[in-house]
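Take a look at the structure set out below.
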Amino acid sequence: MLTLFHAPRSRSSRIVTLLRELDALDKVEIEIVDITRGDGSGRKDPRNPHPEGKVPLLVHDGVVLWESIAIIQYLTDLFPEKNLAPLAGDPQRGRYLSWLAWYAGVVEPVLIMQAAGLSHPYLDFTFRGPEQMAERLEAALKDGPYLMGERYTAIDLLLHSPFAWYPAATPDSAVIKAWVERCGARPSLQWTADYDVRSVAAA
């Protein structure tokens with residue numbers, strides 16, 4: 001039994017998109033919950049078992065998983081048929097895991113610091129900055145249309161998501177902008193957008 005705790009138009013929307021890409025929505029029960037949002041709206045929902053009241057949160061046969069990175073890795077391993085991630089033993093597995101870790105360890109901190117207007121040598125040394133982040137993405141996209149090469153994977157779904165959510169943060173790079181547009185054209189993204197609209201209307 002799989003249950004995803006999801007708040008429409010939040011970070012958990014990309015997990016719904018992933019489930020759509022994996023053709024696994026019929027295997028997962030989605031529980032719509034409220035969350036406290038950055039603008040002060042919402043609330044910590046008592047129905048959500050996440051100790052901080054956040055989403056996404058996935059429960060599989062009583063095992064609780066939190067954080068998008070862990071959930072994405074778990075689901076792509078659990079549903080390998082759609083080939084959205086290299087499996088253990090694949091020569092590309094290490095590259096895939098490195099992109100997952102890079103998103104959590106570099107991309108989100110850099111984008112949050114950029115949005116908050118924070119700058120300090122310690123921060124730049126530890127996390128790098130927007131320019132270095134853009135250079136890494138550009139270098140990877142020279143090898144093909146997607147970060148792992150010719151094939152769209154869960155890495156593209158994850159790493160393009162903050163730029164799709166907040167276009168102003170997208171680096172001023174034709175290569176990166178084309179990649180964001182390419183990822184954003186996936187039918188799964190529109191399906192999730194429509195699903196979230198319906199979920200809000202039904203609340």
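The values are calculated or read from the model by the stated rules, or taken from the named source; none is laboratory data. Bear in mind the structure is a predicted one, so any value in this text is a computation, not a measurement. Note that each Cβ is placed from the backbone with ideal geometry, even for glycine, and that neighbours are counted across all protein chains shown. What goes into the accessible areas is simple: the full protein's heavy atoms, side chains included, and nothing from ligands, DNA or RNA. Shrake-Rupley method; radii C 1.70, N 1.55, O 1.52, S 1.80 Å.
Can you work out which of the residues in the range 137-196 that are of a type in the set (Phe, Trp, Tyr) and part of a loop (DSSP other than H, G, I, E, B) is surrounded by the most Cβ atoms within 10 Å (Cβ to Cβ)?
In the first step, residues of the range 137-196 are kept if they are of a type in the set (Phe, Trp, Tyr); the result is 146, 152, 163, 165-166, 179, 191, 195.
Going one step further and asking which of them are part of a loop (DSSP other than H, G, I, E, B), we end up with 152, 166.
On the way: Tyr152: 18, Tyr166: 11.
Only one residue tops the list, namely Tyr152.
Within the range 32-75, how many residues are surrounded by fewer than 14 Cβ atoms within 10 Å (Cβ to Cβ) and on the phi > 0 side of the Ramachandran plot?
Number of matching residues: 3.
If I ask for residues that are touching a Pro at 6+ places or on another chain (Cβ under 8 Å) and among the charged types (D, E, K, R), which ones from the range 21-47 would you list?
Taking the range 21-47 first, the residues touching a Pro at 6+ places or on another chain (Cβ under 8 Å) are 32.
Correct list: empty.
Of all residues in the range 90-136 being of a type in the set (Phe, Trp, Tyr) and modelled with pLDDT under 90, which is surrounded by the most Cβ atoms within 10 Å (Cβ to Cβ)?
We begin by selecting, within the range 90-136, every residue of a type in the set (Phe, Trp, Tyr); these are 96, 99, 102-103, 122, 125, 127.
Checking the rest, the ones that are also modelled with pLDDT under 90 come to 122, 125, 127.
On the way: Tyr122: 7, Phe125: 9, Phe127: 17.
In this case the residue turns out to be Phe127.
Name the residue, out of Leu78, Leu87, that is in contact with a His (Cβ under 9 Å, 6 or more places away or on another chain), open to solvent by 60 Å² or more (accessible area, probe 1.4 Å) and over 29 Å from Tyr166 (Cβ atoms).
Working: Leu87 fails: in contact with a His (Cβ under 9 Å, 6 or more places away or on another chain).
Step by step, each of Leu78, Leu87 is checked, and only Leu78 is in contact with a His (Cβ under 9 Å, 6 or more places away or on another chain), open to solvent by 60 Å² or more (accessible area, probe 1.4 Å) and over 29 Å from Tyr166 (Cβ atoms).
Looking only at the range 22-69, how many residues end up being among the β-branched types (Val, Ile, Thr) and under 20 Å from Pro80 (Cβ atoms)? Explain how you work it out, then say what you get.
Within the range 22-69, the subset among the β-branched types (Val, Ile, Thr) is 28, 30, 32-33, 35-36, 55, 59, 63-64, 69.
From what is left, the residues that are under 20 Å from Pro80 (Cβ atoms) are 28, 63, 69.
Looking only at that region, the number is 3.
Inside the range 37-77, can you point out the residues that are hydrophobic (A, V, I, L, M, F, W, C), in contact (Cβ under 8 Å) with a residue 24 or more places away in the chain and closer than 20 Å to Ile155 by Cβ?
Passing the criteria: Leu58, Ile69, Ile71, Ile72, Leu75.
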